[in-house]
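To keep things clear, I will list the structure first and then write my remarks on it.
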Amino acid sequence: MKKKNIFITGVAGFLGSQLAESLIKEGYKVRGNDNLIGGYEDNLPADLEFHKIDCNDLENMKKITKGTDILYHCAAHPYEGLSVFSPSMVTNSVFQATSTTLSAFTQNKGERFVFCSSMARYGMNQTPFTEDMETRPQDPYAIAKVAAEDLTKLMSRIHGFEYSIAIPHNIYGPNQKYDDPFRNVAAIFINKMLRGEQPKIYGDGNQRRCFSYIKDDVPLLADLGLNPIASGETINIGPDDEFVTINYLAKTIAEIIGFDLKAEYFPERLQEVQEANCSADKAKRLFGFSPKYTLQKGLEEMVDWVQERGPKKFGYHLPVEIVNEDTPETWAKKIM
Ligand SMILES: NC(=O)c1ccc[n+]([C@@H]2O[C@H](COP(=O)([O-])OP(=O)(O)OC[C@H]3O[C@@H](n4cnc5c(N)ncnc54)[C@H](O)[C@@H]3O)[C@@H](O)[C@H]2O)c1
C-alpha cells in the first residue's frame, strides 16, 4: 500500500520535529513549515522538505500543502501563562493559524487533520481529566484551543475530511526550547541549574503536574494521524502516574545535575491551576499506550541533551503586551 503523504506545521518545534524524525525513519515522505519564531532550526531532520512559511499566509499554505494526505497541525505559540498578558499574539497563533491551515488543507482535499490542542482545555475540572469532560477554558490560550477544536470538527463535518484531536500534557525531552523564559518548566530548570543559577518558582511550588517523556508520546501522536480507529477521537497524550509537585521536579533535576538547590520563590501567576493531570485510560484502551520512561530516566536523558548542546542565556523572543502590577516580574523585568 502507498505510504501516506505527511505535512507537519510547527515542524521546527519540539513535537513537530520529533514527530517528523520518527515518521521519516518509518519511510514516510514528510514536509513541513515553521515561522521559526519558536523552535530551533537545527531541530529540522535532514530528509524533511522544509518551508519557512507562516501558517497565517494562506496563499503559500495552499501551495506547500498540495498533495497532503495527513496534516499534523503542531504550530502555535503555546504559552498558557503568557496568554493572560499577550492575548493577541497567542490567540492569533492558535485560532487564526488553525483556521488558515484548515482552509489550505480543505482546498487541497486532505484526508485527515490532526489538531494539537492542550490540557488547558480542561481548566478547573476535577482531576484526572478525561476526554469526555466538558471543556472549561480559563485563559486566552485555552479559549483559543477550544475554539480551534470546534472549528476543526465543524470544517470536518461540512467538507467531509477526517480529524483527530491530540491533548498533549507537559511533555519534555530533546528538541524542546530550553532558553525560553515563558514556558517548559523542566527545560527551564535544567538550563538554569546547568548555568549555575537557582531556579525561580511561581507560588509555593506545591502545584502538581504529570510530566511525560517525548519518546513515550511520539508513537501515540503518530497514530492519531495514521490509525483508522483514531478518526473522530480526542485523546490525552501523556502518562497518568507520577503526579509530582514543581518542588519535587526541581529537587529531582538538582540531584541529577549535582546542584545545590535553593530555589527562589515568586508570587503565583494569575489563573494558574493548582492540580492538572490527565487520564491515560483512553489511550491505553484504544492504542495500547504504555509509557516506558520514569520521570527520573527521562530527566536524565534531557539533562544529557541540554548539556551536549550547551546551556544558553534566556532570550525574550515574544512580546509582553500588557505590563501591569500582575505581570510576573521574571517577564516584565526580563530577569530569568
Ligand atoms: N509540549 C507540550 O507539552 C504541549 C502541551 C500541550 C499542548 N501542546 C501543543 O502541541 C503543539 C506543539 O507544541 P510544542 O511543545 O512542540 O511547541 P513548540 O513551541 O516547540 O513548537 C511550535 C512551533 O510552531 C511554530 N509556530 C508558531 N506559530 C506559527 C505560525 N503561525 N506559523 C508557522 N509556525 C508557527 C513555532 O516557531 C514553533 O517552532 C502546540 O500546538 C501546543 O499548543 C504541547
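Every number here is computed from the coordinates shown, using simple stated rules; none is lab data. A quick note: this is a predicted structure, and the numbers were derived from the prediction, not measured. Note that each Cβ is placed from the backbone with ideal geometry, even for glycine, and that neighbours are counted across all protein chains shown.
Listed here are the residues, each with its yes/no results for (1) touching a residue at least 60 places away in the same chain (Cβ under 8 Å); (2) closer than 19 Å to K251 by Cα; (3) among the hydrophobic types (A, V, I, L, M, F, W, C).
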| site | (1), (2), (3) |
| --- | --- |
| A276 | yes, no, yes |
| D281 | yes, no, no |
| G288 | no, no, no |
| Q296 | no, yes, no |
| G310 | no, no, no |
| L318 | yes, no, yes |
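Only one residue in A222, A186 is within 16 Å of the ligand (Cβ to nearest atom), aliphatic (A, V, I, L, M) and out of contact with any strand residue (DSSP E or B) (no Cβ under 7 Å at 6 or more places or on another chain). Which one? Explain how you work it out, then say what you get.
On the way: A186 fails: out of contact with any strand residue (DSSP E or B) (no Cβ under 7 Å at 6 or more places or on another chain).
Only one candidate qualifies: A222.
Within segment 167-186, which residues are of a type in the set (A, V, I, L, M) and crowded, with 21+ Cβ neighbours inside 10 Å? Passing the criteria: I167, I171, A186.
Counting just the residues of segment 225-250 that are in a helix (DSSP H, G or I), farther than 30 Å from R157 by Cα and in contact (Cβ under 8 Å) with a residue 60 or more places away in the chain, which one comes out farthest from the ligand (Cβ to nearest atom)? Walk me through how you get there before you give the answer.
Let us first name the residues in segment 225-250 that are in a helix (DSSP H, G or I), namely 225-226, 228-230, 246-250.
Restricting the remaining residues to those that are farther than 30 Å from R157 by Cα gives 246-250.
Of the ones still in play, those that are also in contact (Cβ under 8 Å) with a residue 60 or more places away in the chain are 246, 249-250.
Numbers: I246: 15, L249: 14, A250: 18 Å.
Top of the filtered list is A250.
Where helices (runs of 4 or more DSSP H) fall entirely within segment 251-336, those with at least 2 residues that are of a type outside the set (K, R) and farther than 18 Å from L194 by Cα are at 281-287, 329-332. Can you pull out the residues in segment 46-87 that are in a loop (DSSP other than H, G, I, E, B), more than 11 Å from the ligand (Cβ to nearest atom) and within 19 Å of F113 (Cβ to Cβ)? Residues satisfying the conditions are T65, K66, G67, T68, D69.
Applying a threshold of 7 Å to beta carbon distances and a minimum spacing of six or more residues, or different chains, the list of pairs starting in segment 34-45 at a residue that is assigned to a helix (DSSP H, G or I) and ending at one that is more than 6 Å from the ligand (Cβ to nearest atom) reads N43/S17; N43/N175.
Can you tell me which residue among G67, G16 is of a type in the set (G, A, S), touching a strand residue (DSSP E or B) at 6+ places or on another chain (Cβ under 6 Å) and free of Cβ contacts under 8 Å to residues at least 60 places away in the same chain?
On the way: G67 fails: free of Cβ contacts under 8 Å to residues at least 60 places away in the same chain.
Unique residue meeting the criteria: G16.
Can you pull out every residue in segment 12-57 that is within 17 Å of V94 (Cβ to Cβ) and of a type in the set (V, I, T)? Answer for segment 12-57, where residues must be within 17 Å of V94 (Cβ to Cβ) and of a type in the set (V, I, T): just I37. Name the single residue that is nearest to the chain's Cα centre (by Cα) among those in segment 297-332 being polar (S, T, N, Q) and surrounded by fewer than 13 Cβ atoms within 10 Å (Cβ to Cβ). Only one residue fits best here, namely Q307.
One line per residue, one yes/no per condition, for (1) assigned to a helix (DSSP H, G or I); (2) among the charged types (D, E, K, R); (3) in contact with a Ser or Thr (Cβ under 8 Å, 6 or more places away or on another chain):
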residue: M89; (1), (2), (3): yes, no, no
residue: S99; (1), (2), (3): yes, no, no
residue: V114; (1), (2), (3): no, no, yes
residue: D132; (1), (2), (3): no, yes, no
residue: A147; (1), (2), (3): yes, no, no
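Within segment 149-172, the set of residues being more than 9 Å from the ligand (Cβ to nearest atom) and either closer than 28 Å to D42 by Cβ or of a type in the set (G, A, S) (or both) comprises S156, G160, S164.
Could you list, in sequence order, the residues of segment 8-54 that are among the hydrophobic types (A, V, I, L, M, F, W, C) and out of contact with any helix residue (DSSP H, G or I) (no Cβ under 8 Å at 6 or more places or on another chain)?
Of all residues in segment 8-54, those among the hydrophobic types (A, V, I, L, M, F, W, C) come to 8, 11-12, 14-15, 19-20, 23-24, 30, 36-37, 44, 46, 48, 50, 53.
Matches in segment 8-54: A20, I24, L36, I37, A46, F50.
Among the residues of segment 89-123, those that are touching a Pro at 6+ places or on another chain (Cβ under 9 Å), over 22 Å from V30 (Cα atoms) and within 13 Å of the ligand (Cβ to nearest atom) comprise M89, V90, T91, S93, V94, S118, M119, A120, R121, Y122.
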